[in-house]
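J.: Sharing a structure with you now.
The values are calculated or read from the model by the stated rules, or taken from the named source; none is laboratory data. As the structure is a prediction and not an experimental result, all values here were calculated from the model. Note that each Cβ is placed from the backbone with ideal geometry, even for glycine, and that neighbours are counted across all protein chains shown.
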Amino acid sequence: MPRNMNVALVSMGLLLGTMGCDSFLTDVSTDPNNPAKATIQTLLVGVQGAQFAFQEGTVPMMLCEWMQACGATNGRYVEQAGRYDYGAGSNIAANGTDWALIYTGGGLIDMDTIAGMARAAGDSLYLGIDLVWKAFALGSATSLWGSIPYSQIRTSRTPALDPQLVLYDTVQAMLGHAIHLLGSGITTLAAPPDLVFSGNAAKWTGVANTLKARYWMHLADHGVPAHYGVRTTRYSLIYYYGQPLGMKGALKKPTEPEWELFDLQKDPQQMRNVYNDPAYGETVRVLTAELQRLRREVGDDR
């Protein structure tokens, strides 16, 4: 009896399973794993996945090592990648896999497809988010590799190189247009599958403004006068003494001395100099004394 019941249950399961697959099996000429087209939603997910991979790929890790910006014991970049991964094949990966992520699946071509779909639908949110991703991808690539193909990538199998300075201008134009679109509030499609900000236009506008500043700084002559300072968990005190002192790369022309104090708790981005604010008088006194102590400790009598 138990055996007959088991056989009956298995048979019923097979029958129900077959019935459940009936609609799926009606079109056996289509391969579900090789779709002929993608929706704007699936393309956006692909773009995000590809660009996440690029920003966490071999190139960023190698640069982080070279610039000594990575650290910590058992850190992913130092211990895992630096000790075990990097070798002769790393440059191949950087100039192959990472390079491909800029252009191929989830890259600039797919971003153009999303833009076309968004324009056709009249959805400014989708188009704005797409343009920020596009500017980030193109800006990152030209920052890393200099002059790269862009203007002909849709029309030529052997596209010419676009000059880096031209591409920086292109990126700025993209970001400016994205900010305008994101501020329009026009949406016609369902909420985008945005894995970063869940479709929050204000946050994407913030990213666009940040990227505009970042890429402008790539072209700027910073001209920061010579300086030293002291930093605590709460404050940062900086003294710009402005003398070249024969140092290589220093500004040749002396500049007027200047002090800066930033309250890192209230102003973490260090945008407001409070050195001359009477409320910080005692802080200035204490930190200046500490700065002088440190100078004496290292024998700096300049």
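J.: Looking for something within 14 Å of the chain's Cα centre (by Cα) and surrounded by 20 or more Cβ atoms within 10 Å (Cβ to Cβ) - is there at least one such residue anywhere in the range 158-172? Before the answer, list the steps.
T.: Restricting attention to the range 158-172, the residues satisfying the condition of being within 14 Å of the chain's Cα centre (by Cα) are 171.
Now drop any that are not surrounded by 20 or more Cβ atoms within 10 Å (Cβ to Cβ), which leaves 171.
Scanning the range 158-172, I find at least one residue that is within 14 Å of the chain's Cα centre (by Cα) and surrounded by 20 or more Cβ atoms within 10 Å (Cβ to Cβ), so the answer is yes.
J.: Related question: Examine the range 70-82 for a residue that is among the β-branched types (V, I, T), out of contact with any Pro (no Cβ under 8 Å at 6 or more places or on another chain) and modelled with pLDDT of 95 or more, and state whether such a residue exists.
T.: Going residue by residue through the range 70-82, those that are among the β-branched types (V, I, T) are 73, 78.
Filter once more, keeping what is out of contact with any Pro (no Cβ under 8 Å at 6 or more places or on another chain): 73, 78.
Checking the rest, the ones that are also modelled with pLDDT of 95 or more come to none.
Among the residues of the range 70-82, not one is among the β-branched types (V, I, T), out of contact with any Pro (no Cβ under 8 Å at 6 or more places or on another chain) and modelled with pLDDT of 95 or more, which makes the answer no.
J.: For N209, work out the one condition from (1) outside the structural domain of A120 (by TED's automatic domain parsing); (2) at pLDDT below 95 it doesn't fulfil.
T.: Exception for N209: condition (1).
J.: Looking at the range 142-154, is at least one residue surrounded by fewer than 23 Cβ atoms within 10 Å (Cβ to Cβ), touching a residue at least 60 places away in the same chain (Cβ under 8 Å) and either touching a His at 6+ places or on another chain (Cβ under 6 Å) or in the same structural domain as Q55 (by TED's automatic domain parsing) (or both)?
T.: yes
J.: Answer yes if at least one residue in the range 147-165 is of a type in the set (G, A, S) and within 23 Å of F52 (Cβ to Cβ), and no otherwise. Can you show your working first?
T.: Let us first name the residues in the range 147-165 that are of a type in the set (G, A, S), namely 147, 151, 156, 160.
Okay, now just the ones that are also within 23 Å of F52 (Cβ to Cβ), so none.
Checking the range 147-165: not a single residue is of a type in the set (G, A, S) and within 23 Å of F52 (Cβ to Cβ).
J.: Yes or no: K212 within 30 Å of E258 (Cα to Cα) and not hydroxyl-bearing (S, T, Y)?
T.: Values: within 30 Å of E258 (Cα to Cα): yes; not hydroxyl-bearing (S, T, Y): yes.
It is true that K212 is within 30 Å of E258 (Cα to Cα) and not hydroxyl-bearing (S, T, Y).
J.: Kindly list the number of the only condition in (1) under 30 Å from T142 (Cα atoms); (2) modelled with pLDDT under 90 that fails for G299.
T.: Answer for G299: the failing condition is (1).
J.: For the range 155-174, name all the residues that are in contact (Cβ under 8 Å) with a residue 40 or more places away in the chain and hydroxyl-bearing (S, T, Y).
T.: Keep residues of the range 155-174 that are in contact (Cβ under 8 Å) with a residue 40 or more places away in the chain, which gives 165, 168, 171-172, 174.
Correct list: Y168 only.
J.: Identify the single condition in (1) modelled with pLDDT of 95 or more; (2) farther than 26 Å from W216 by Cβ that A137 does not satisfy, given that it satisfies every other one.
T.: (2)
J.: List pairs: first in the range 187-206 and outside the structural domain of G122 (by TED's automatic domain parsing), second not in a loop (DSSP other than H, G, I, E, B), Cβ under 7 Å, 6+ apart or cross-chain?
T.: none
J.: Before we move on, is V166 assigned by TED's automatic domain parsing to the domain that holds M62 and touching a helix residue (DSSP H, G or I) at 6+ places or on another chain (Cβ under 8 Å)? Explain how you work it out, then say what you get.
T.: Values: assigned by TED's automatic domain parsing to the domain that holds M62: yes; touching a helix residue (DSSP H, G or I) at 6+ places or on another chain (Cβ under 8 Å): no.
No, not satisfied.
J.: Restricting attention to the range 24-69, and to residues there that are touching a helix residue (DSSP H, G or I) at 6+ places or on another chain (Cβ under 7 Å) and at pLDDT below 80, which single residue is farthest from T142 (Cα to Cα)? Steps first, please.
T.: Of all residues in the range 24-69, those touching a helix residue (DSSP H, G or I) at 6+ places or on another chain (Cβ under 7 Å) come to 40, 43-44, 46-47, 50-51, 53-54, 57-59, 61-62, 64-65.
Pick out the ones that are also at pLDDT below 80 and you get 57-59, 61-62, 64-65.
On the way: G57: 16, T58: 16, V59: 13, M61: 17, M62: 17, C64: 17, E65: 20 Å.
Among those that are touching a helix residue (DSSP H, G or I) at 6+ places or on another chain (Cβ under 7 Å) and at pLDDT below 80, it is E65.
A quick yes/no check of all residues on (1) at pLDDT 95 or above; (2) among the charged types (D, E, K, R); (3) surrounded by 11 or more Cβ atoms within 10 Å (Cβ to Cβ); (4) part of a helix (DSSP H, G or I):
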| position | (1), (2), (3), (4) |
| --- | --- |
| F262 | no, no, yes, no |
| D267 | no, yes, yes, no |
| Y275 | yes, no, yes, no |
| L287 | yes, no, yes, yes |
| R295 | no, yes, yes, yes |
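J.: Which one of these is among the hydrophobic types (A, V, I, L, M, F, W, C) and in contact (Cβ under 8 Å) with a residue 60 or more places away in the chain: L287, L294, L261? Spell out how you get there, then give the answer.
T.: Values: L287 fails: in contact (Cβ under 8 Å) with a residue 60 or more places away in the chain; L261 fails: in contact (Cβ under 8 Å) with a residue 60 or more places away in the chain.
So the residue among L287, L294, L261 that is among the hydrophobic types (A, V, I, L, M, F, W, C) and in contact (Cβ under 8 Å) with a residue 60 or more places away in the chain is L294.
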